[in-house]
Amino acid sequence: MTIQELIPRRLTPLLLSPQMRDVERRHAELPLMERAGTAAAQLAGTLAAGPAPILVLAGPGNNGGDAFVLARRLHEAGRAVTTVFHGEPSRLPADALIAYQRWQATGKPTHPAVPSDDYSLVVDGLFGIGLSRPVSGTCAQLITQINAYRDTGGPVLALDVPSGLNADTGAVHGIAVRASHTATFIADKPGLYTLAGPDHAGCISVHELGVGDPAFDGALLSLTDFASALQPRQRDTHKGSHGSLAVIGGAPGMCGAALLAARASLHLGAGRVFVGLLDQNHPAVDSGQPELMLRTPVDAIDHATAVVAGPGMGLNDEALTLMRRLTSADLPLLLDADALTLLGAHPVLSAHVRRRTTPTLLTPHPGEAARLLGISTTEVQSDRISTAIRLATHFNACVALKGAGTVLARPDGTWRINTTGNPGLATGGTGDVLSGMAGALLAQGWEAWSALCAAVSLHGAAADVLVCEGVGPVGLTASELLVPARRLLNNLIAESAERRQGH
């Protein structure tokens, strides 16, 4: 697996449903439905193997219109097509009604239910981006049939988004199609990449339909988000040139969390790493990483050019006192784990963070995000993008809301969704490793947004490398991420240097 296969090379815009509707209105003169169905038909033709018919399921809206165009184009190409239509023709939107009538003009029948047959491909055109209610009744039964076909290994192509999946949030409305492929139109959709989206969308292709590049606030996290920071080191350099990071945490029984973060920061290039452990009986040396300097929290902070606070920190009075000091300090600061819990529980700390003029990074999981905003975890997960933006604006910080499709946001409303990573990261300590990686880049002088984007991307990519090499996802451990993450960063720096020399 190459670095080019792991991290996107360029920004891919992600449009929310209101933005999509606006683009469609502004390009109403274009035959968008005809173009969408034609593009998807070309893909369908490559996915359907053998002479068995292609099953096309059309719904009651514009997504159904796309499906009828696709069916007609496949029929014109000589492919056997079986269509199922759930809806009333008289209630179809204007363009979809025209697509339906053109399909009817072929003389091919339209069925009310799925005929018993063998199919080379199933095309899901039941619902598009506008679905906002739970799927029930006949449509739920049709989705169940689609998923049963998928379970046998049959290919399923979803048009725009898998039916039942929220295009904006990745939430499932009761039941959703599990596609092997999704052909999405005009621009990519965020719900395909976060929450349940990755488990339902399969391989995603974007068909722009001649609309051009839309304006956007959100995109897939890519190399362009941190490429400018990928600078090779000069020969005339020393450890002091690359910053000093303090990792503050490690209350009794939780030293491992702080040490994991600290080890990660060494592997991503911090010149010196001081570990301020709250456990007064902490070991004098980390035998697994003797380069780390184990100190008291105050001594570690005094040596730092950037700080990571929270891994295994605990919630006692000493931790609270340290948080008061850190949130008022003129140092780049990353808050994770217990530091986030303290931040959510003490309004004075929140006020300190909002007033900070030096960079602040927050890396919550959904439960921590819920505590920070005083809402439920369910509410966080129901709209991860909005949650990340709320956190970024409220705390004047760069935020990574962790989970499937980690969402990154900054105070100006810009957001990204990360595509690297896999279920192997769902194990203790991987969040500590992420905080140490981002902290290392902060300590080396990286701008806050670049540091967070690079750390999140590399963290997931390291897990992908391990799985590709047969390590995990089951049983992958946090400490195993360190070496592949270091290798990936060095590869990116070397690639960036070669590209600059070539120009």
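The values are calculated or read from the model by the stated rules, or taken from the named source; none is laboratory data. Computed from a prediction, not measured in an experiment: that's the story for all the values here. Cβ: placed from backbone, ideal geometry, glycine included. Neighbour counts: every protein chain shown. Ligands, DNA and RNA are excluded from the accessible area calculation, which covers all protein heavy atoms including side chains. Shrake-Rupley method; radii C 1.70, N 1.55, O 1.52, S 1.80 Å.
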Residue that is farther than 21 Å from H111 by Cα, under 19 Å from the mean Cα position of the chain (by Cα) and open to solvent by less than 20 Å² (accessible area, probe 1.4 Å), where the choices are D188, D168: D188
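Tell me the residue from L43, L30 that is outside any loop (DSSP other than H, G, I, E, B), open to solvent by 20 Å² or more (accessible area, probe 1.4 Å) and more than 19 Å from P109 (Cβ to Cβ), please.
Of L43, L30, the one residue that is outside any loop (DSSP other than H, G, I, E, B), open to solvent by 20 Å² or more (accessible area, probe 1.4 Å) and more than 19 Å from P109 (Cβ to Cβ) is L43.
Just checking, which of V211, V206, V161 is assigned to a loop (DSSP other than H, G, I, E, B), in contact (Cβ under 8 Å) with a residue 40 or more places away in the chain and within 19 Å of L11 (Cβ to Cβ)?
None of the others qualify; the one that does is V211.
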Scan (1) over 25 Å from A454 (Cβ atoms); (2) open to solvent by 10 Å² or more (accessible area, probe 1.4 Å); (3) in contact with a strand residue (DSSP E or B) (Cβ under 9 Å, 6 or more places away or on another chain) for the single condition A251 breaks and write down its number. (2)
Filtering segment 63-106 down to residues that are out of contact with any Pro (no Cβ under 6 Å at 6 or more places or on another chain) and of a type in the set (S, T, Y), which residue is least open to solvent (accessible area, probe 1.4 Å)? T83
Near pairs, Cβ below 8 angstrom, 6+ apart or cross-chain, from segment 301-313 (touching a residue at least 24 places away in the same chain (Cβ under 8 Å) and polar (S, T, N, Q)) to any residue that is surrounded by 24 or more Cβ atoms within 10 Å (Cβ to Cβ) and part of a helix (DSSP H, G or I): T305/A443
What are the pairs with Cβ atoms under 6 angstrom where one residue, in segment 68-79, is touching a residue at least 60 places away in the same chain (Cβ under 8 Å) and closer than 12 Å to A36 by Cα and the other, located anywhere, is open to solvent by less than 70 Å² (accessible area, probe 1.4 Å) and part of a helix (DSSP H, G or I)? Sequence gap at least six, or different chains. L70/G37; L70/A40; L70/A41
Based on this model, can you work out whether R79 counts as under 23 Å from Y149 (Cα atoms) and either under 33 Å from the mean Cα position of the chain (by Cα) or at pLDDT 95 or above (or both)? yes
Looking at segment 95-134 only, could you name the residues that are under 27 Å from G153 (Cα atoms), in contact with a Gly (Cβ under 6 Å, 6 or more places away or on another chain) and at pLDDT 95 or above? S120, G125, L126, F127
Checked against (1) of a type in the set (A, V, I, L, M, F, W, C); (2) over 20 Å from N418 (Cβ atoms); (3) open to solvent by 20 Å² or more (accessible area, probe 1.4 Å), V206 satisfies every condition except (2)
Test V474 against the criterion of being farther than 21 Å from L221 by Cα, of a type in the set (A, V, I, L, M) and either in a helix (DSSP H, G or I) or in contact (Cβ under 8 Å) with a residue 40 or more places away in the chain (or both), and give yes or no. yes
